[in-house]
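Worksheet: the structure to be examined is printed underneath.
The values are calculated or read from the model by the stated rules, or taken from the named source; none is laboratory data. Since we're looking at a predicted model, the values are computed, not measured. Reconstructed Cβ throughout: ideal geometry from the backbone, glycine too, with neighbour counts over all protein chains shown.
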Amino acid sequence: MSFDITSVLTNGQPALLGPALGALGLTVAAIWFLQGRAWALLYVVLIPFLNWSFGIIPEFGVLAPGENAVFPQGVALHPMTMVTGMVFVIRDFVQREMGHRVLILMAIAVAWSFFYAWPVIALASGIAFAISEGVDWLIFTFTKYRLSTRILISSAVAAPVDTTVFLYGADLAKQMELGMEPGNSLHPWNWVVFVVGKMVGALIVSAVIRRREDAGLISPREA
């Protein structure tokens with residue numbers, strides 16, 4: 001299968017290549033002007049990519065609907081769920097890199113989601129990130145815990161909020177785009193699987209940072 005960079009950059013709309021390249025250039029310039037570097041760029045790229053993936057990449061069925069009486073609606077896990085959990089951790093590193101200007105980058109990333117993802121998914125993602133990232137930002141900014149602990153706590157609080165809002169939007173999007181029944185994404189067991197999947201990344205990063213703190217390689221009180 002050939003790789004078409006034009007199709008990727010324009011989300012399958014090659015006539016928009018010029019405006020898309022111009023907007024991408026302005027985005028990179030804005031990140032640099034706001035004193036963001038590698039973590040900031042990764043953050044802005046990752047959010048629209050993840051929103052795009054939830055409309056394109058199929059979920060992995062852990063249990064099919066009706067297969068188990070305890071899980072009547074089935075249990076599904078999207079391959080990118082763990083990566084979604086890493087967004088909260090990456091945001092924490094972006095804040096260390098450029099301070100509270102990270103909130104501007106969040107708005108830019110959500111705006112790009114409307115170009116690359118289903119509108120309902122983008123809207124749900126925007127609301128979810130506005131709520132969960134706000135919670136994440138408050139905890140990371142105002143608590144006095146060591147860095148590794150702040151990463152873990154902020155992710156633990158933000159992940160359930162983000163999951164609830166996002167799965168509600170994904171449920172609506174699948175109803176509108178694919179004609180699926182209500183409750184196709186937002187149900188208790190799917191919610192649990194998504195939250196657990198998101199926390200795995202945060203746990204790994206927190207453990208790595210804790211070891212580096214204990215070894216004296218980084219300061220536990222870094223902002």
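Rundown of residues vs (1) touching a His at 6+ places or on another chain (Cβ under 7 Å); (2) within 23 Å of Val87 (Cα to Cα); (3) among the basic types (Lys, Arg), yes/no style:
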site	(1), (2), (3)
Gly12	no, no, no
Ala20	no, no, no
Tyr43	no, yes, no
Pro48	no, yes, no
Gly55	no, yes, no
Asn68	no, no, no
Gln73	yes, no, no
Query raised in the report: Taking interchain pairs and intrachain pairs at least six residues apart, which have beta carbon atoms under 6 angstrom, with the first residue in segment 98-110 and more than 13 Å from Gln35 (Cα to Cα) and the second crowded, with 18+ Cβ neighbours inside 10 Å and aliphatic (A, V, I, L, M)?
Result: Ile108/Val44; Ala109/Val44; Ala109/Ile47
Query raised in the report: What residue, of Pro48, Pro65, is under 25 Å from Ile90 (Cα atoms), assigned by TED's automatic domain parsing to the domain that holds Leu103 and not hydrophobic (A, V, I, L, M, F, W, C)?
Result: Pro48
Query - Tabulated pairs, segment 46-74, first at positive phi, second charged (D, E, K, R), C-beta under 9 angstrom, 6+ apart or interchain - result: Gly74/Glu67
Query - All positions within segment 117-132 that are closer than 19 Å to Ala30 by Cβ and buried (at least 23 other Cβ atoms within 10 Å of the Cβ) - result: Phe129
Query raised in the report: Looking at segment 136-146, is at least one residue farther than 21 Å from Ala107 by Cβ and surrounded by 15 or more Cβ atoms within 10 Å (Cβ to Cβ)?
Result: yes
